[in-house]
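The structure appears right after this line, and notes come after that.
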Ligand SMILES: [Ca+2]
């Protein structure tokens, strides 16, 4: 169980040492008109890119041990020690921009790494907790294991019951050929801030390597953040925005049914709560637009629709005030499951301070529906209208049920057996003597038995 004094210490430390990060955390946790932030990854500094120390050309690692001040914002060494490794020396997982990774052990033994409270896993939503894990090429036991823990701030277990430690064993790798494995498990959000911990179960000075911890909402909608756009729409180095006239399906998984939309980027506008590059304005060329997305769903099931919206404050002197209409229909019945309007007002906001609000709306599918269509329609005249980004839909679950699974590269994880670890370091005098002693003792026993047998026969 995570010590509450430790938690308090962590909070105070971050506030004193990293006031800007503290402000960011506070912004992400405050309630805005019934809405919460929903970044795509809920773990703060899960890629360990933010640090209180600087790597030079040497050393290629730094040490964080229990009992000294924490040099890794949003994390603390609760026990033992661990190392921050420079990814230019220890090759990181493929496809990541991460420059650092964590070695879960140090001379002081196996480390326990504890996160700041994660705000906030929505109640009933399923989240995927994932991280990369690899064997340490520098040495240690053949099998290395890391236990993932999840507790809410009241100390209640949030991790799936019976969650096994994650184990790796690839001792033949080198620093340039580290075999990374992506491991994950599902957890059900409780609506309470949650603390994530990683504990090395490997004795000695060499443990597993880990990188890029994430906690992501399992959304029913694909491309809900509009980041996947047909290449014929040029959005790189965009000074203002691209426009798209309906009908069009050049934004993957979405249809611009009518009107004209702007595809804008965070290079010009303040990014929405998922901090991504692309966002939409449902107005352009004096034409309000309607866009929709169809996704698979289960019948008779409760869902929650989330999205970030605001009125486009592009022109401070020309206020944008009006409504965004949101409808949800079950398919094939076409019955309306939800129809709501969101009031928008750009007063006092600017493109650097959009006033993003995350809306949450619940709906339930009918018994014969197996798809759902969600539609956003601008009811604002002119060339600037509702901004839209980070659209997500999650199923409201009562328990983890069949989604409770642990994955190691897609294979169900099995409990590790590391009770008698085998070391791969250079054989010691003891082990060499043991190897010599064993055949010698066997030889002597055989000789005695043979002599005894010969004596009995004679
Ligand atoms: Ca986006």
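Relative contact order of segment 241-395, taken over Cα pairs closer than 8 Å and 6 or more residues apart, is 32 percent. Taking the average, over residues, of other Cβ atoms within 10 Å as the packing measure, peptides 312-321, 251-260 rank 251-260, 312-321 from highest down. For segment 111-152, the orientation-averaged shadow of the C-alpha convex hull comes to 4.3 nm² (one quarter of the hull surface). Within segment 48-149, the proportion of C-alpha pairs whose separation exceeds 23 Å stands at 30%. Across every direction, the projection of the convex hull enclosing the Cα atoms of segment 241-395 has a mean area of 8.2 nm². Annotation: peptides 357-364, 385-392, 145-152, ranked by per-residue average of other Cβ atoms within 10 Å with the highest first, follow the order 385-392, 145-152, 357-364.
The packing ranking, built from the mean of other Cβ atoms within 10 Å per residue, places the peptides 239-245, 85-91 in the order 85-91, 239-245, highest first.
Counting beta carbons within 10 Å around each of 138, 62 and listing the fewest first gives the order 138, 62.
Just so you know, all these numbers are worked out from the coordinates, no wet-lab data involved. Predicted, not measured: the structure shown is a model, and the values here were computed from it. Heads up, the Cβs are rebuilt from the backbone with ideal geometry, glycines too, and the neighbour counts pull from every protein chain shown.
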